[in-house]
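Values in this text are rule-based calculations from the coordinates and carry no lab data. Since the structure is predicted, the reported quantities are computational estimates derived from the model, not experimental observations. Neighbour counts run over all protein chains shown; Cβ positions are idealised from the backbone, glycine included.
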Amino acid sequence: MIRVGIVGGSGLDDPDILEDCKKLEVDTPYGAPSSDIMSGMINDTRVFILARHGRKHQYSPTQVNNRANIYALKQAGATHIIATTACGSLREEIDRGHFVILDQFIDFTRFRKNTFADSFEHGAVHTAMAHPFDDFLRNVLYKSAKDIGLNVHDKGCVVTIEGPRFSTVAESKMFRLWGADVINMSTAPEAMLANEAGLPYAAVAMATDYDCWKQDEAPVTWDDILSVFNKNADNVKQLFINAVSQIAAMD
């Protein structure tokens, strides 16, 4: 049976899209997840929503317990995970408010647990990561976005930085040379762990700003990011409602 886990990024973790919503308190061998899991229905499909940064956005990107979050969703019964994330654009053609269905990542984090295996005492763990985002889920997200008329790009490489600071101009220009299309502070550890847990995973990134490589733009602020998010909140809700229905149709 298909059960969809949703990891909501900043401002995009609203449980109001669920019918018959209830709270699940979940603990894991890796500690507590960022939030309780909200469990409910979208049409006839069970959905679990977890707030990546906590319900009050109390956890910085480095503090997010990605291992507990992914483990908790799997323990609750999720068979697939879709996620949202804010991102900065590293490409002229990816404008504010555009959506990107990620297909690759570059991990530029430094301080995060990115595997469930704290040792190889019970055997080596080397998870394949050539294609970290599930093609079926990516196609569903892209089609769902197109169906409701969003400006959406069918692929993109995200570079995940440690944060919580934003990039320097030199770093931003370097990431463009590396081939990254957008930049955020969340996707790489989360995608790695979902793959290691055997859960198909895909993420839709919403561009809130041009990163500081574009020097004819004022440097981004947190208020700028929230402004773009708030304008698109209803679009993201509709995107996920449509996507869940399409994912369920494969059952």
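Points to keep in mind about this one:
- Computed from backbone phi with θ = phi - 60° and the Karplus coefficients 6.51, -1.76 and 1.60, the 3J(HN,Hα) list for region 46-54 is 6, 10, 10, 10, 10, 8, 4, 9, x Hz; x is used for glycine and proline.
- The magnitude of the dipole of the chain, with charges of +1 and -1 set on the Cβ of Lys/Arg and Asp/Glu and taken from the Cα centre, is near 240 debye.
- The alpha carbons of region 36-180 stretch over 42, 42, 33 Å along the principal axes, in descending order.
- The gain in end-to-end length when the Met41 to Gln215 segment is fully stretched comes to 58.1 nm, 0.36 nm per residue minus the alpha carbon separation.
- Per-q log10 I(q)/I(0), region 117-234, q = 0.12, 0.19, 0.23 Å⁻¹ (Debye; single scatterer per alpha-carbon; no solvent): -0.56, -1.19, -1.42
- Under 12 Å, Cβ to Cβ, from Ile101 - net charge with Lys/Arg +1 and Asp/Glu -1: -1
- Between region 160-229 and region 68-133, the C-alpha centres lie 13 angstrom from each other.
- Computed [θ] at 222 nm, deg cm²/dmol, the chain (DSSP H ≥ 4; -39,500 (n - 2.57); rounded to nearest 500): -9000 deg cm²/dmol
- Placing unit charges on the Cβ atoms of the charged side chains and taking the dipole of region 24-125 about its Cα centre, the candidate lying farthest along the positive direction among Ile49, Phe105, Pro33 is Pro33.
- Stokes-Einstein diffusion for region 1-113 at 37 °C, viscosity 0.692 mPa s, with a Kirkwood radius from C-alpha pairs, works out to 218 µm²/s.
- Of Lys155/Lys237; Lys56/Lys231; Lys56/Lys143, pairs whose Cα-Cα distance is over 28 Å: Lys56/Lys143
- Here the residues Cys157, Cys87, ranked from fewest to most Cβ neighbours within 10 Å of their Cβ, fall in the order Cys157, Cys87.
- Long-range HN-HN contacts of Gly5 with modeled amide H, under 5 Å: Phe48, Thr79, His80, Ile81, Ile82
- Ranking of Ser186, Ser227 by count of other Cβ atoms within 10 Å, fewest first: Ser227, Ser186
- For region 112-193, the Cβ-based charge dipole about the Cα centre amounts to some 320 debye (Lys, Arg positive; Asp, Glu negative; other atoms uncharged).
- Sparse-neighbour loop sites [trypsin sites (Lys or Arg not before Pro); region 154-251; at most 11 other C-beta within 10 Å; DSSP]: Arg165
- Protection proxy ranking, peptides 123-131, 34-42, average beta carbon neighbours within 10 Å, highest first: 34-42, 123-131
- His153 long-range amide H proximity, modeled H, under 5 Å: Phe99, Val100, Ile101
- Neighbour-count ranking [beta-carbon atoms within 10 angstrom, fewest first] of Ile94, Ile183: Ile94, Ile183
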